[in-house]
1. Name the one entry in 135, 107, 57 that is under 30 Å from residue 225 (Cβ atoms), among the β-branched types (Val, Ile, Thr) and not in a helix (DSSP H, G or I).
2. Cβ-Cβ distance below 6 Å, separation of 6 or more or different chains: which pairs start in the range 544-571 with a residue that is over 17 Å from residue 161 (Cβ atoms) and end on one that is buried (at least 24 other Cβ atoms within 10 Å of the Cβ) and of a type in the set (Ser, Thr, Tyr)?
3. On the basis of being farther than 25 Å from residue 258 by Cβ, in contact (Cβ under 8 Å) with a residue 40 or more places away in the chain, in a loop (DSSP other than H, G, I, E, B) and not hydroxyl-bearing (Ser, Thr, Tyr), does residue 179 make the cut?
4. For the range 625-639, does any single residue satisfy the condition of being at pLDDT below 95, in a loop (DSSP other than H, G, I, E, B) and within 22 Å of the chain's Cα centre (by Cα)?
5. Considering 230, 219, which residue is assigned to a helix (DSSP H, G or I) and either among the polar types (S, T, N, Q) or farther than 22 Å from residue 449 by Cα (or both)?
6. Please verify whether residue 324 is part of a strand (DSSP E or B) and not aliphatic (A, V, I, L, M), treating the condition exactly as stated.
7. Restrict the check to the range 569-584 and report whether at least one residue is under 23 Å from residue 281 (Cα atoms), modelled with pLDDT of 95 or more and buried (at least 17 other Cβ atoms within 10 Å of the Cβ).
8. Go through (1) assigned to a helix (DSSP H, G or I); (2) surrounded by fewer than 20 Cβ atoms within 10 Å (Cβ to Cβ); (3) assigned by TED's automatic domain parsing to the domain that holds residue 167 and name the single condition residue 590 misses.
Amino acid sequence: MSAFAPALASSGSPDVDADELRAHLRRADSAVLLAVLAQVTGDASVLDEFGGAITHVPDPPEMAGRTDPDTAAAIVDRLVAALTADREPGDASGPAPDDLAFFTRLVPVAMGATPGPEYYPMLLEQGGFHTALPVVPRTEPLPEAIDLAIIGGGLAGIAAALTARREGVPYRIYERNDDIGGTWLTQTYPGVGVDTPSSYYSLSAEINPDWSSYYPRGGEYQEYLREVVGRHGIREHVAFGTEVEALTWDDDAARWRIRVRDADGTRVEDAAVVLTAAGYLNRPQFPKAPGRDRFRGLSVHSGEWHPGLDLTGKRVAVIGAGCTAAQIVDAIADDVAHLTLFQRQPHWVAPRKRDSDDVPEHHRWLGRHVPFYANWLRLKAFWGSADNGYPVVIVDPEWAATHRSISRANDILLQDCLAYIDRTFGAGSELAAKVTPDFAPFGKRIIRDPGGYYDALTRDHVDVVAAEPAEITEHGIRTPGGDLVEVDVIVYATGFHLDFLSGLDIRGRDGVRLVDEWAGNDPRSYRGGTVPGFPNLFVANAPNANPSHGAGNNFGIEVTVHYLFECLHLLAERGARSLEPTRAAYEEYVARIDADMERTVWRHTPTAHTYYRNAQGRVILACPWRLVDVWTEHRRPDAAHFTLR
């Protein structure tokens, strides 16, 4: 596992064999190689020389650059010469690789798309060409009293720790488990994996050029996080086996009192600033069917998998039909004697677009040895799964009035999924009817077929019950129709309760409790997950913080972390010790979210059972805005929207 800093690797010759380099380059995307050539040499004229001969073809989820053999060979020759030349670091002339004007010329050539001008600063950052740029003036140093407590050692906690390290801010991570990784440590069920493209689902400042799969298994992603933590010395800042029980704001000291529990008991520590990075899906949820404790076989929730559980030759029931259930069914179907899937409601399932999820060796080799190559693969994956998909979640009222889909763009996805159902199960078949939703795609989280989920449902030893269990008995599961399905093992792939910090006693200014501010399971927040009355408190994965039409939660995490540290510099510039959003700014921000949410799929699919909405019907998880809008709004805190003290 390795990462590289492209700004440093842009000159000098890699220690590789020229023939081996050439062999791998010949298999690569010509458009990406042309962009790399321009960056390595600092010579933008190659774009004019070769760019006109580049075309782009679909290579889901992105576009691939192609050209004629002579042009491809010429680009490879020039790039081999540039990469094997004996040069001193920094001797390339021309624009720097992260120069915005230069980058704006590279993007259409490399990606086969011409984004709007507002996108380019975000793309530079998300491509890992530079880290998030400071916006608030740095004329005053951060006060020595500023330190950061991070609750949770998953992706968000690690991202915050990396930025704290760069900014020179003392920090400590409280992690209740014995290792870092969060979701990717605790989720160990069969088939667990990333359903966001691996080249993108990572930290932009910590690109891994060597993923084995376009959608790697959870263990590989956990190893990526461990490698990042180890390389940057973060582990020594982590209190493992330590659970935060309560946060109490001390107004006189302008610090949070943090009650923690570990093997030695309970103690109170403190910090000026707190970031909660524990996520919101941590407490397993089970179906309401009675009798769960009566079952004499083995039962397991997907989130609490038994490491030594062997399902070979067993009669297994899987309850659930979401992403987790799809991954489990895909992974165990070949091993079990019989499998029964109980689905309360089907999800839309998108077909796998590649024959194999294995990353070709030339991509991995070039990512390890050629500057900027992995950056462009990351950026192409991001663009292919980001705001390109935004129209899919926006309602066209006229279209929605007469279609199951909500817009023409949404219908393209619906037809793709329907065609996949027909190909797999047979148009009009009983099984096809069972797996076909009655709501528009994205009404609830869409599933990417890992490769064998739908196929598994067609097998003779697999049954689909289109209903929740009516009762759990000593020997199995009774269906609503009264049939008893006898099983040896019950797998509850039924997800988690949506908990926005409800298990943590957080008391802000004047003793106000966050649970009261968010009463009725109606969590809200201003930018950065901030809430009035709770100074210096930031929430990663906050309510309505992560756009749900594309990209991954790593995007929202990086946005929040950047905003947090810009707020700290605002404190320094104003000579203040604490900040919190004003009630007016908070309410206006939430009202704008709710108003814009009305035109999204999540408010126009009432039949979809989804944790995105609370009991009152308010969407509390998804964000109604484009990624670029979220990114832009979080570049700089507006001092007028804060109370600084």
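1. 135
2. Short answer, once both residue conditions are applied: 552/201.
3. Details: farther than 25 Å from residue 258 by Cβ: no; in contact (Cβ under 8 Å) with a residue 40 or more places away in the chain: yes; in a loop (DSSP other than H, G, I, E, B): yes; not hydroxyl-bearing (Ser, Thr, Tyr): yes.
It is false that residue 179 is farther than 25 Å from residue 258 by Cβ, in contact (Cβ under 8 Å) with a residue 40 or more places away in the chain, in a loop (DSSP other than H, G, I, E, B) and not hydroxyl-bearing (Ser, Thr, Tyr).
4. Step one: list which residues in the range 625-639 are at pLDDT below 95, which gives none.
The answer is no; no qualifying residue exists.
5. Values: 219 fails: either among the polar types (S, T, N, Q) or farther than 22 Å from residue 449 by Cα (or both).
Exactly one of 230, 219 is assigned to a helix (DSSP H, G or I) and either among the polar types (S, T, N, Q) or farther than 22 Å from residue 449 by Cα (or both), namely 230.
6. no
7. no
8. (3)
The values are calculated or read from the model by the stated rules, or taken from the named source; none is laboratory data. Small disclaimer: the values here were computed from a predicted structure and weren't measured. Because the Cβ atoms are built from the backbone with ideal geometry, glycine has one as well, and the counts that use them run over all protein chains shown.
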